[in-house]
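Everything on this sheet refers to the single structure shown next.
The values are calculated or read from the model by the stated rules, or taken from the named source; none is laboratory data. Just so you know, these numbers come straight off a predicted model, no measurement behind them. All Cβ positions, glycine included, derive from the backbone under ideal geometry; neighbour counts span all protein chains shown.
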Amino acid sequence: MSATTDTQSVGNEDYRDAGLQFPESFVFGSATASYQIEGAANEDGRGPSIWDTFSHTPGRVVNGDTGDVADDHYHRLEQDLDLMKSLNLQAYRFSIAWPRIQPTGRGPANQAGLDFYSKLIDGLIARGITPVATLYHWDLPQALEDEGGWTNRETALAFEEYARIVGEAFGDRIAVWTTLNEPWCSAYLGYASGAHAPGRTEPLASLKAVHHLNLAHGLALQALRAVVSNDPQFSVTLNLHALRGEGPTGPEAVRRIDALANRAFTGPMLHGAYPADLLEDTKTLTDWSFVHEGDLENIHQKIDILGVNYYSTTLVRVWSGEGERESADGHKAVGASPWPCADDIEFLPQPGPYTEMGWNIEPSGLEELLLAVHAEFPDQPLMVTENGVAFDDVVTTDAGGAADGAPAVHDDDRIDYLRRHLTAAHRVLEAGVDLRGYFVWSLMDNFEWGYGYSKRFGIVRVDYDTLERLPKDSAHWYAELAATNRIPA
Ligand code: IFM
């Protein structure tokens, strides 16, 4: 597929509409992930994950931060559920920590782990909030990584067993199941650039990981479908890249990166085949013989919703070979490239404004991306499963707070970001795309992977000394949106 359009075709107006009404059936929620918020890393039988190992390795995470405590969500579950209710969230997208369910990635379920998620799911339902569960948001049991992790086909088979266990446990209550979150990150940041756990820098390993993640997705879908007893929807979430090309070599560079970033996943999942040009582009590294007979049939399963995560655009061209090669692809700079067989592709800096992550703010990119996905898969319902922004929030105690002198975060910049991206989402709906919902990333500030706690994406602030939660102005704004399905003033 191509997630690419001519930038001129959509334009780049300011996207700052208020009062736009979304259909009643459109779902507004927020998203988090287990390792980023739960803490309680060594409690109730949870086994170590690759992120425990990685974050405890000196030099891997900014400030040496770890997810040991994170937002302490594990112990503050009821309070956080009440917080979600107070923000009128219609749905909550969370992830299940595989090592809480199977501490070594295999074998019988850990009852305490099941109990925690059961309480979470029941608490959501009791508050009228729809549970949207992701099976894998990057916290692979360390024991499986010790056997090769996602480079090992056995990990996909273990994932199928894990899916069956959680499907049997929660398959009467989950409304939307998502197999994987952003397998691009798991494969390429985990095994090629080393910016994410397990921190390996082996280009070939990253392509094996791509395939085994795809296989895990397909096997897990089949396992879930076989055991659930309600009538849920099944999905996967991809961080599809909204690619733009620069100059005469732009189209070729876009094609190359589109193959690695996007079509390496949508190809097998939605078309039942790896793209021919991807195989050709990577042939110096592999003949893809790790794709076994029957794998593509297993991967190519119907999904009810394709989740799309969007934050910014990516600008590329083929490097002329002269001067310094630009590599501003928005990912934490560590020694290696996340892009196998693409050393000749340049990732160019883009015009601002920028977020605290250094990512460019470009709502038209969301519109372009969703339109492009729809053009390629016109019958596929879509959902924005993540969109949001890190800014350097400031806590004030001015008269603008809930009460005079009460602490507040006046994050107008975040409200502006959300408004602009919601305007883009609304335009996509008006263009006839079957877009089902929008999940803001994130409910609360949390462990931002290699950046530790230095980047704040939450609509709720977390004070990391006291672990107190403080809804930012954007949370109040979002609560009004979720109550009315209308973009507030
Ligand atoms: O925090 C992450 C999340 O875990 C996956 N998607 C992108 C977010 C912001 O970087």
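For the stretch 313-328, the candidate set comprises residues that are surrounded by fewer than 21 Cβ atoms within 10 Å (Cβ to Cβ) and of a type outside the set (A, V, I, L, M, F, W, C); within that set, the residue that is nearest to the ligand (Cβ to nearest atom) is SER327.
Return a yes/no flag: does the stretch 60-80 have any residue that is of a type in the set (S, T, N, Q) and either within 16 Å of the ligand (Cβ to nearest atom) or buried (at least 23 other Cβ atoms within 10 Å of the Cβ) (or both). Scanning the stretch 60-80, I find at least one residue that is of a type in the set (S, T, N, Q) and either within 16 Å of the ligand (Cβ to nearest atom) or buried (at least 23 other Cβ atoms within 10 Å of the Cβ) (or both), so the answer is yes. Quick check on the stretch 480-489. Is at least one of its residues over 25 Å from the mean Cα position of the chain (by Cα), hydrophobic (A, V, I, L, M, F, W, C) and within 22 Å of GLU367 (Cα to Cα)? Looking through the stretch 480-489, at least one residue is over 25 Å from the mean Cα position of the chain (by Cα), hydrophobic (A, V, I, L, M, F, W, C) and within 22 Å of GLU367 (Cα to Cα). The residues listed here are VAL440, VAL389; of these, the one that is within 28 Å of THR466 (Cα to Cα) and assigned to a strand (DSSP E or B) is VAL440. Can you pull out every residue in the stretch 437-455 that is over 13 Å from the mean Cα position of the chain (by Cα) and within 11 Å of the ligand (Cβ to nearest atom)? Answer for the stretch 437-455, where residues must be over 13 Å from the mean Cα position of the chain (by Cα) and within 11 Å of the ligand (Cβ to nearest atom): ASP445, ASN446, PHE447, GLY450, TYR451, LYS455. Return yes when GLY437 is crowded, with 17+ Cβ neighbours inside 10 Å and in contact with a strand residue (DSSP E or B) (Cβ under 8 Å, 6 or more places away or on another chain) and no when it is not. For GLY437, the condition - crowded, with 17+ Cβ neighbours inside 10 Å and in contact with a strand residue (DSSP E or B) (Cβ under 8 Å, 6 or more places away or on another chain) - is met.
The single condition from (1) away from the ligand (no atom under 16 Å from the Cβ); (2) crowded, with 17+ Cβ neighbours inside 10 Å; (3) not small (Gly, Ala, Ser) that HIS292 fails is (2). Taken over the stretch 12-47, the criterion of being outside any loop (DSSP other than H, G, I, E, B), more than 16 Å from the ligand (Cβ to nearest atom) and in contact with a helix residue (DSSP H, G or I) (Cβ under 6 Å, 6 or more places away or on another chain) is satisfied by PHE28 alone.
Does ASP434 satisfy the criteria of being in contact (Cβ under 8 Å) with a residue 40 or more places away in the chain and away from the ligand (no atom under 13 Å from the Cβ)?
Details: in contact (Cβ under 8 Å) with a residue 40 or more places away in the chain: yes; away from the ligand (no atom under 13 Å from the Cβ): yes.
Yes, satisfied.
GLY405: over 24 Å from VAL132 (Cα atoms), at pLDDT below 95, in contact with a Ser or Thr (Cβ under 7 Å, 6 or more places away or on another chain) and not charged (D, E, K, R), yes or no? Reasoning before the result, please.
Details: over 24 Å from VAL132 (Cα atoms): yes; at pLDDT below 95: yes; in contact with a Ser or Thr (Cβ under 7 Å, 6 or more places away or on another chain): yes; not charged (D, E, K, R): yes.
Against the criterion (over 24 Å from VAL132 (Cα atoms), at pLDDT below 95, in contact with a Ser or Thr (Cβ under 7 Å, 6 or more places away or on another chain) and not charged (D, E, K, R)), GLY405 qualifies.
Out of curiosity, is ARG427 basic (Lys, Arg), in contact with a helix residue (DSSP H, G or I) (Cβ under 6 Å, 6 or more places away or on another chain) and within 16 Å of the ligand (Cβ to nearest atom)? No: the conditions fail for ARG427.
Once the stretch 363-398 is narrowed to residues that are away from the ligand (no atom under 16 Å from the Cβ) and acidic (Asp, Glu), the residue that is surrounded by the fewest Cβ atoms within 10 Å (Cβ to Cβ) is ASP379. Among the residues of the stretch 133-149, those that are on the phi > 0 side of the Ramachandran plot and either among the small types (Gly, Ala, Ser) or surrounded by fewer than 24 Cβ atoms within 10 Å (Cβ to Cβ) (or both) comprise GLY148, GLY149.
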